[in-house]
Structure formats: C-alpha cells, structure tokens
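The values are calculated or read from the model by the stated rules, or taken from the named source; none is laboratory data. The model shown is predicted, which means the values in this text are computed figures rather than measured ones. Don't worry about glycine lacking a Cβ; one is built from the backbone with ideal geometry, like all the others, and counts go over all protein chains shown. Side chains are part of the model used for accessible areas, which takes the heavy atoms of the whole protein and leaves out ligands, DNA and RNA. Shrake-Rupley method; radii C 1.70, N 1.55, O 1.52, S 1.80 Å.
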Amino acid sequence: MKITVETGDFRQKETDAVLIPMLEDDFHNELFLAADASLDGRIQAFLNLGDFKGKPKTTSVLYTNGAMTTPRIILVGLGIYTELNAEKVRQIAGHTARYLRDMGLKSVTVPIPPETQDDWAQAAVEASLLSLYEFKQHKTQSDKDDGDNKSLDSMTFLVGSDAEKSQIEPIVERGETIANGTILARDLSNQPGNHLTPTQLAEKAEEVAEAVGLNCTVFDKPTLEEKGFRTLLAVAQGSAEDPRFIILEYTPESEGHETVALVGKGITFDTGGISLKSGKGMDEMKHDMSGAAAVLGAMQVIGQLKPDVRVIGIIATTENMPGSTAIKPGDVVTSYGGKTIEIMNTDAEGRLILADALGWTAQYNPNGVVDLATLTGAVITCLGHIAAGAMGTDDALMEKIKKAAEKTHERVWELPLWDDYDEGVKSKVADVQNIGDGTSGTIAGAAFLKKFAEGYPWVHLDIAGTAWGMKGSSYIPEGASGYGVRLLVQLVEDW
Ligand code: BES
Ligand code: MN
Ligand code: ZN
C-alpha cells in the first residue's frame, strides 16, 4: 500500500472512502461537522439512533448518494481522548486497514486534524502497513487468485495547508521505513529453511547493505576457520550448508559519536542436532533466525534514517543438524575468545554461536551491546508471547531498552541475572557448560552468554516467544511478528 500526503478538502476527493476519526466523548470535531453539513445532517441523525458510539475498533459506513465526490464516509471510533495512546492508535489503525481491505476498497482518504501528535501519526502509518502483511510467496499464482485476494492500494493523508504537509510528510516516510524493516524481518523469519540457508541470509544482508549504503563483510567457512570461530563451526559441522558470519556497519558523518552493536542468532533451521527435537511443531524452527532477522531489518532502517550513532549489526548463522559429522553431547569446544565449553545438549546451540559473536563484538569498543535470540522455550512458559525476557549486565542500558520497549510496545520484561546463577553453568570438564542445571532455563541461557559478553555493557533479549505466535494484535499476523526491529530502531534513535 502506498501512503501519500495531500492538501485539500475531503469533500472534493476522488476516493473510495473518506475516514472520519470520531472520539467517543466528543463527536463534534470539525471534520464531522463539515461532512454532516454536506450530507444535510444525515450523519447526526444516524448518530442520534445510537448505532455508532465511537468505541475503539468500531466503524460505520455511510453512503453519500452523490452529495460528495466520494461514495462513502466511514466513521472510525477512537474511544475516549484521555485513554488514547500510541499503542491504541496502532491497534485502531491496524484494525481499520484490515476492515477496509476486506471490504474490497482500493483507495481511502484520511483527513488528519492539525493537532495530531507526531508519534500517533507515525504509529498509524506503521500499523496500517503492518496489519496488511501476508506471506504468500510460495502460493502459486492460481491459488493466490483463488481466495479473497483483495488489496488496499493507497491511503491518502489529507491536511489543511502546505506547512502541515511538510511537517507530516517526513513522519509518514519514517513510519514507512520502519514498517518496511519489520516486514523484511517477517519475510526472513517466515521463509522456510530450504529457501533461506546461511549463504542466502548472507546474500540478503549484502543486498540490503548495498541498497541503503551500509558496509557489509561476510566471513565464509575458510575465513571462520582461519579466524577461530570454533563454536560457530562446531554447530555447523553436522550440516551440508556452510555457516556465515555477517558484519554490517553504519557510521554517521558527525564526529564523536558512540557505538552500539546489535547481535542476532541466525539458526536458519534448528532440528536440535544429535539431541534431536521431537517432531511436533518442528517446522516452526525455520524462524530460529528471528534475532538475525530483527538485526538485519533494523540495520536496513538505520541505513535509511541515519541516526547520530555508529551501529554495528552482527549475525552468526548456520543450520543445526544431526549427522555423522555433528557435534555430540559431551564434546568440548573452544570459543573465539578462548574459553572452553562442554556441550551437554546440542539443542542449546544458539548460545554456542552467540559465544563467538559476542567475543568478536568486543573489538568495536561498543558503548552498548544488545543481542536478540530465540534462545529458550522456557521464556514462552514464563512470559508467553507478550514480552521478551531481558537480562543483562548494565542498568543504564537496560533502562534505555525498557524505554524503547514502552514507546514501541515491543515489550520486554527484566529477569534477574545475579551472580548466584553462575553456579548453574559450571562444568566439571570445561570452563562452562551449555544447559545450566535444569532450573530457570531462560536465565541459564543468559548466564552462559554473560561469560562471553565481556568488556562492554550488554543486554540479552530472549525473543523465542515474541518472534512467533504473537497473535491477538490487529497489526501482527500469525507466524513471524518481526519483533525487535521497531525496538532496536527506537533504542538507536534515542541513544
Ligand atoms: N531455538 C530453540 C528455542 C525455541 C523454542 C525457540 C521454542 C522458539 C520456540 C533453542 O535452540 C533450544 O532448543 N533451546 C532449548 C535449550 C535447552 C536444550 C537447554 C530449549 O529451550 O529447550
Ligand atoms: Mn535448539
Ligand atoms: Zn535454536
């Protein structure tokens, strides 16, 4: 869908419908009054019947019967003014966009009142685009046309003056840019393992970097061997697909900026390896690269929005497969940084590849490092599909992440990472082992990572619950949510 900003009078717009936003506690906004006057008081008469109350996520269609250029006026309920916030706006915008599409409309016009807050306008743009997302790449054309293949093609924001237009245009563009980054992440996470191998993920990263002007370096298997990425190679050794290590760099033009690193787990398919997962639901493990997808989606946005902070995007990617060459429980491997790891369970592979990635990251002297990983099933038991588990070594960075999470409604919930938990990842034969003691699985994952996230402020986000299956929101579809892109972009922009 294309979103544009125009000036003019909604009563003279050639469009399938004009949307009139309506507060539950105050119907008589200027737009309503103008529309009602053109329709000889028919909207007021309709309201008098009590059929529409302005409740959030409710709509009413009125037909203009030639009294205006548009054939339809659609009242959109916003609820009570003091209860409105950015997330409510997202929910309403997402709900409305889906409703308009399902009605079969192609073009709609939305008059924007001059007092509209910037963050609400951005929220409306993001949610409208995100709500219409579908992953249909692998449907054949005939099948695509079979069902209700409806699409809302254009949304026009209508403002009163050129000054308002030049104020809102960049906000619309920002919203589009951020939505597109989230959509990229969703597409990558939804992509089946045979269509997104580590090599293909690296190619995609190069393509994105080229398009938005980021530096991109990809290490192939011989380079990884030469540089000593031994734990990434260990996880990859059971697979016919070669691993990759991807580094994306954005550097602002100004001097004296700080550096933030974003690190993503990129398991393109997680079978569990020799510690094989059970068959039920294993197909979903195609999204075990959702951390990597969030990092790549965020880097695409960062390349376009050009914030005043240096951002390094780091992705470790491989498959986790069983086979005669695969790692085995009990094997000991040495990480990039030199610490030894006893592999107690080959299904705890995400933390292994992140050990190398977090070790590599230290050389950038980052002022903050955030890793995103679909690390543990336990985080779903703990927080459901509502919030990511957040654990780290730095309170200031944690606060920044909580603020960004609040603004974007990509929620996080902090779990403790006290030293008391270190005991659980101790190994009898190596420096550390990879499964903990069987309690507090999500924290055990973080306690393991903490051993490798040394020399910088660090927060780990366990996104196993939020990256997938976050249904129930009007702008998040089934399957991949694209969680993390909006959060990371907000974090970097507020840095
Ligand atoms: N990728 C999984 C975690 C996961 C589970 C992601 C469900 C999304 C949905 C991860 O590699 C894994 O298998 N973790 C194990 C760790 C255990 C062996 C210590 C788990 O959670 O069972
Ligand atoms: Mn696993
Ligand atoms: Zn995994």
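Annotations for the structure displayed:
- Pairs with Cβ under 6 Å, 6+ apart, first in segment 35-55 and more than 13 Å from GLU24 (Cβ to Cβ), second surrounded by 11 or more Cβ atoms within 10 Å (Cβ to Cβ) and of a type in the set (S, T, N, Q): ASP36/GLN44
- Residues in segment 188-199 that are touching a residue at least 60 places away in the same chain (Cβ under 8 Å) and in a helix (DSSP H, G or I): LEU188, SER189, ASN190, PRO198.
- Residue list for segment 274-324, restricted to those being in contact with an Asp or Glu (Cβ under 6 Å, 6 or more places away or on another chain), within 13 Å of ligand 1 (Cβ to nearest atom) and either not in a strand (DSSP E or B) or not assigned by TED's automatic domain parsing to the domain that holds GLY359 (or both): SER275, MET285, ASP288
- All conditions in (1) of a type outside the set (Asp, Glu); (2) in a loop (DSSP other than H, G, I, E, B); (3) more than 24 Å from LYS339 (Cα to Cα) hold for MET398, with the sole exception of (2).
- When the residues of segment 348-386 are filtered to those that are part of a loop (DSSP other than H, G, I, E, B) and open to solvent by less than 40 Å² (accessible area, probe 1.4 Å), the one that is farthest from ligand 3 (Cβ to nearest atom) is PRO366.
- Considering residues of segment 453-482 that are farther than 19 Å from MET289 by Cβ and out of contact with any helix residue (DSSP H, G or I) (no Cβ under 8 Å at 6 or more places or on another chain) only, the residue modelled with the highest pLDDT: LYS471
- Looking across segment 16-46, the residues that are open to solvent by 40 Å² or more (accessible area, probe 1.4 Å) and of a type in the set (Gly, Ala, Ser) come down to ALA37, ALA45.
- Considering ALA404, ALA453, ALA444, the condition of being part of a loop (DSSP other than H, G, I, E, B) and open to solvent by less than 20 Å² (accessible area, probe 1.4 Å) is satisfied by ALA453 alone.
- Qualifying residue in segment 37-47 (condition: among the charged types (D, E, K, R) and either part of a strand (DSSP E or B) or within 28 Å of THR177 (Cβ to Cβ) (or both)): no
- Scanning segment 417-460 for residues that are within 18 Å of GLY384 (Cα to Cα) and more than 13 Å from ligand 1 (Cβ to nearest atom) returns a single hit, HIS460.
- Residue check, LYS13 in contact with a Ser or Thr (Cβ under 9 Å, 6 or more places away or on another chain), surrounded by 12 or more Cβ atoms within 10 Å (Cβ to Cβ) and of a type outside the set (A, V, I, L, M, F, W, C): yes
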